[in-house]
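Have a look at the structure below before the remarks.
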Amino acid sequence: MLKGKHILLGITGSIAAYKAATLVRLLVKEGADVQVLMTAAAKQFITPLTMATLSKRPILVEFYNPENGNWNSHVSLGEWADYYLIAPATANTIAKMVHGIADNLLLTAYLSARCPVIVAPAMDVEMYNHPANVRNMALLKERGVAVIEAATGSLASGLEGKGRMEEPEKIMQFLQQSVSKKKSLTGVNVLVTAGPTYEAIDPIRFIGNHSSGKMGYALAEEFAARGAAVTLISGPAALKAQHPHITTIPVVSAAEMYNAATAHFHTAHIAVLCAAVADFTPQHPSETKIKRGTAPLQIQLQPTVDIAAELGRKKTNGQIVVGFALETDHELPNAQKKMTAKNLNMIVLNSLNDEGAGFGFDTNKVTLLYRNGAQESHGLKPKRCIAADIVDAIQSIK
Ligand code: C5P
């Protein structure tokens, strides 16, 4: 699976650097082409000669060779790599990655990398659990970096706890899973709705909601990263999809979202309806700005079309339709009912009752409900990680 893959392996200054030698051996054995980058501190823990011999390439540390001026282009390294694995990653390097600090080649290559980045932290238990490091790792995850949690055990400091870099065999497993996931949806068309809708009251005002679109955009990115062609129908959101496989169709109202969704549904294999669509819309929006007055103002609202229910009704054999539910009471039974009523294959129950979950947050907490009655609860995680869980779940029912 890793045969011919270009792997950049970044090694930073941790005692766990000795495990990087085994990691390179395993990668080379699998047929990967490995380029090792080291920080100056890493060289104190494992020699460049060891790493160059095992990887069969000179290792890189500096921006240029002072002897002959040969420039080590971090941009070319970033383009060359299929995966960038930083193992071991110290608290220092993780913090610098978060802040975009570019004071060594390993970090500039990170900032230039367009490929998936995987980080395996290694540090003492107190450092690992320090709020600064916990926050930094969460920020990297939010930005799509995969963080392989450290293992628990005895540490070089003599302490016991979490902080040991995960074993090379486990890191290999993780990398192999990432490679198999990466192309697992090639040839699959996915439709995602995201964000709020705005229902015009007059040319100036609208009825909207607090949806930021973050969950839907994270889903679109995750599907695209696995090779799917994604049509993202987005209500007004301050976000921009990055992946070249995502075609964004901006819409404003529920009616526009419905038209776009039905126009694209027939070619979709999977539809995920993540948008917070207005359930009611003003029946007769005013063509001119409604003037301030002293009398109470009544706006007659009429129901919008339920896009999820409509696609659930239209779906033909093999098409998968997934919806979301945001409930304030009787969460599970209400979500279950919604899944059946709208003929969905799965429903994602969002929690509004948990701190850090729901509108606008970068994190979320969801329970996945399947048609066969199975349920799966996920803890509070960055929306990027929740998106990966949801896509995994959808692939399992395919
Ligand atoms: O019925 P309720 O609005 O709670 O259902 C939520 C689910 O239905 C979400 O997946 C949402 O995207 C979808 N929905 C829709 N069109 C509507 C209302 C909700 O697609 N008009």
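Give me the tail of P(r) for segment 118-164 as a percent: Cα-Cα pairs with distance above 15 Å.
Value for segment 118-164: 41 percent of Cα pairs lie more than 15 Å apart.
Counting Lys and Arg as +1 and Asp and Glu as -1, each charge on the Cβ, what is the dipole of the chain about the Cα centre in debye, to the nearest 20?
Value, rounded to 20: 680 debye.
How much mean residue ellipticity at 222 nm does the chain get from its helices, if each DSSP H run of length 4 or more adds -39500 (n - 2.57) and you divide by all residues, to the nearest 500 deg cm²/dmol?
Values: 13 runs with 135 residues, N = 398.
Calculated from helices alone, the mean residue ellipticity at 222 nm is -10000 deg cm²/dmol.
Across segment 16-30, in residue order, what do the Karplus-derived ³J(HN,Hα) couplings come to in whole Hz, using 6.51 cos²θ - 1.76 cosθ + 1.60 with θ = phi - 60° and x for Gly and Pro?
Each residue of segment 16-30 in turn: 5, 4, 4, 6, 5, 5, 5, 4, 4, 4, 5, 5, 5, 4, 7 Hz.
Non-local amide H neighbours of Ala325 (under 5 Å, H modeled in plane, Pro and chain starts lacking H): which ones?
Here Val348, Leu349, Asn350 satisfy the definition.
Spelling out what I want: for every residue of segment 240-252, take phi, set θ = phi - 60°, compute 6.51 cos²θ - 1.76 cosθ + 1.60 (Karplus), and round to whole Hz; glycine and proline get x.
Per-residue couplings from phi come out as 9, 6, 9, 5, x, 8, 9, 9, 9, 10, x, 10, 10 Hz.
Per-residue counts of other Cβ atoms within 10 Å, averaged by peptide: what ranking do you get for 244-251, 297-304, 232-239, highest first?
Put in order of decreasing packing, that is 232-239, 244-251, 297-304.
If packing is taken as the mean number of other Cβ atoms within 10 Å per residue, what is the order of 130-140, 371-381, highest first?
Values: 130-140: 16.1, 371-381: 12.5.
Result, highest mean Cβ count within 10 Å first: 130-140, 371-381.
Starting from the Cα of Lys342, draw a straight line to each of the lysines and keep only those under 29 Å, dropping any in the same chain fewer than 8 residues away.
Here the lysines satisfying the reach criterion relative to Lys342 are Lys214, Lys314, Lys315, Lys365, Lys381, Lys383, Lys398.
Could you tell me which residue out of Ala40, Ala122, Leu27 lies farthest along the dipole of segment 6-182 toward its positive end? Charges go on the beta carbon: Lys and Arg +1, Asp and Glu -1, centred on the Cα centre.
Value computed over the given set: Leu27.
Which of the three applies to the chain, rounded, prolate or oblate, going by the alpha-carbon gyration tensor with a ≥ b ≥ c and a/c under 1.5 meaning rounded?
Note, shape of the chain comes out prolate.
Taking neighbour Cβ counts within 10 Å as the exposure measure, how do Cys274, Cys115, Cys385 sort from fewest upward?
Cys115, Cys385, Cys274
Taking a quarter of the surface of the convex hull around the Cα atoms of segment 291-398, what do you get in nm²?
Values: hull surface 39.5 nm².
Taking the Cα atoms of segment 291-398, their convex hull projects to 9.9 nm² on average.
Taking the Cα centre of segment 6-182 as origin, work out the dipole magnitude from +1 charges on Lys and Arg Cβ and -1 charges on Asp and Glu Cβ, in debye rounded to 20.
Roughly 260 debye for segment 6-182.
Mean separation of Cα pairs under 8 Å and 6+ residues apart, divided by the residue count of the chain: what relative contact order is that in percent?
The value is 11 percent.
Starting from the amide H of Ile249, placed 1.01 Å from N in the peptide plane, find each other amide H under 5 Å away whose residue is 5 or more places distant or on another chain.
Here the answer is Leu232, Ile233, Ser234, since their amide H atoms fall under 5 Å of that of Ile249.
Going by amide H atoms built from the backbone, whose H comes under 5 Å of the H on Gly10, apart from near neighbours?
Leu37, Leu85, Ile86, Ala87
Using a Gaussian network model on the chain with a 10 Å cutoff between Cα atoms, which of Thr47, Thr340, Thr288 fluctuates the most?
Highest fluctuation among the options: Thr288.
Mean shadow of segment 6-182, computed from the convex hull of its alpha carbons, in nm²?
Spelled out: convex hull of the Cα atoms, projected over all directions, averaged, 9.6 nm².
None of the figures in this text is laboratory data; all of them are computed from the coordinates on show. From a predicted model like this one, the values you see are computed outputs, not experimental measurements. Backbone-built Cβ (ideal geometry, glycine too); neighbour counts: all protein chains shown.
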